[in-house]
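Working notes, structure below.
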Amino acid sequence: IVFFHGGGFVLGDLDSHDVVCRRLADGARCRVISIAYRLAPENTFPSAHDDAYASWQWITNHADILGFDTDRLAVAGDSAGGNLAAFLCQETNRNGIAMPAFQLLCYPLVQFADIEDSKLSFQEGGFFISQNMFNYFRDAYIQKSDDRMDPRVSPLFATSESFHGLPPAHVILCGWDPLRHEGQAYADKLAAHGVPVTVKDHAGMVHGFMNLTGVSVPARDAIQNAGKTVGLALGAPVAN
């Protein structure tokens, strides 16, 4: 599993998501490669997306060294990392190179035009992401307003051709998350283009809840179950 951490393209690193990756690996019975990509505001769009694409090419070109089967590689990510995972599937599809076999999108950011217009509830606006924080992340990473609709950073708005033939997906949503509706819309768009997709909605969870495993048993269980879904899709060995 090639994993991309979240953080709005500004925050996060290998350490911030190490526990998430370890639990995902355990649930999936798969190895996980976690990618450290360049962050804003020092590195603006498309730096993170270029790094994601370059990392995928390097991994697939060095499968013999790493010991991976290129036909059994998945991509995964949470929030902005989910954006990179979705982008990578679309970009490899557009360029006609080896695509991931599966995509795990955890409460993904799939458009950077604007946060949902409806008034946010206290739960949606009070944890991990808010209107002001969304705007800060967007403006730190994207310097030109016209680039907000670029399909690389807003894969929800990509053309139909970019969706046809994408790998199967599992989309994780949170009930208390301003990105929930766009995540559901992305899952619906995948399904409308014939892509096998499943959705797990954690109704009582907030955006970024997978980083709360130290205090939340449901968060630990959610990662474990997400890992099992990926492992099953890749044909990983079943735990005893």
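The values are calculated or read from the model by the stated rules, or taken from the named source; none is laboratory data. Since the model is a prediction, treat every value here as computed from it, not as a measurement. Calculation scope for accessible area: heavy atoms of the full protein, side chains included, ligands and nucleic acids excluded. Shrake-Rupley method; radii C 1.70, N 1.55, O 1.52, S 1.80 Å.
Can you check how the C-alpha radius of gyration of the chain compares to 2.2 N^0.38 Å, as a plain ratio?
0.93
So if each residue of separation counts as 0.36 nm, and I subtract the Cα-Cα distance between R22 and V217, what length gain in nm does that give?
68.7 nm
Could you state how much accessible area K228 has, in square angstrom rounded to the nearest 10, with a 1.4 Å probe and all protein chains kept in place?
About 110 Å², ignoring ligands and nucleic acids.
What accessible area, in Å² to the nearest ten, does a 1.4 Å probe give for M149?
Approximately 100 Å² for this residue.
List, in order, the whole-Hz ³J(HN,Hα) value for each residue of segment 135-150 obtained from phi through the Karplus relation with A = 6.51, B = -1.76, C = 1.60 and θ = phi - 60°; use x for Gly and Pro.
Result, ordered by residue: 4, 5, 4, 4, 6, 6, 8, 10, 7, 10, 4, 5, 6, 4, 9, 4 Hz.
Keeping every protein chain in place, order R94, R31 by accessible area at 1.4 Å, biggest value first, i.e. largest first.
Putting R94, R31 in descending order of accessible area: R31, R94.
Given a 1.4 Å probe and the protein chains all in place, what does the accessible area of D15 round to, in Å² to the nearest 10?
Probe radius 1.4 Å; accessible area of D15 about 130 Å².
Roughly how far apart, in whole Å, are the Cα centres of segment 163-225 and segment 76-102?
Segment 163-225 and segment 76-102 have Cα centres spaced 15 Å from each other.
Take T44, T198 and sort them by solvent-accessible surface of the protein heavy atoms, 1.4 Å probe, largest at the top.
T198, T44
How much of the accessible area of the chain, probe 1.4 Å, is carbon plus sulfur, in whole percent?
Carbon and sulfur together cover 53 percent of it.
Excluding same-chain residues fewer than 8 positions from K200, which aspartates and glutamates have a Cα within less than 15 Å of its Cα?
D78, D177, E182, D188, D221
Step by step: find N for segment 15-76, compute 2.2 N^0.38 Å, then divide the Cα radius of gyration by it. What's the final number?
Compactness ratio reported: 1.25.
Tell me the per residue accessible area of the chain using a 1.4 Å probe; a whole number in Å² is fine.
On a per-residue basis, 44 Å².
Rounded to a whole number of µm²/s, how large is the Stokes-Einstein D of segment 143-240 at 20 °C and 1.002 mPa s, given Rh as the Kirkwood radius over C-alpha pairs?
It diffuses with D of about 140 µm²/s by this estimate.
Please compute the length gained on full extension between E42 and Q143, using 0.36 nm multiplied by the number of residues separating them and subtracting their Cα-Cα distance.
35.2 nm
If I stretch the segment between V238 and T159 completely, what's the gain in nm (0.36 nm per residue apart, minus their alpha carbon distance), one decimal?
Contour length minus Cα-Cα distance gives 24.7 nm.
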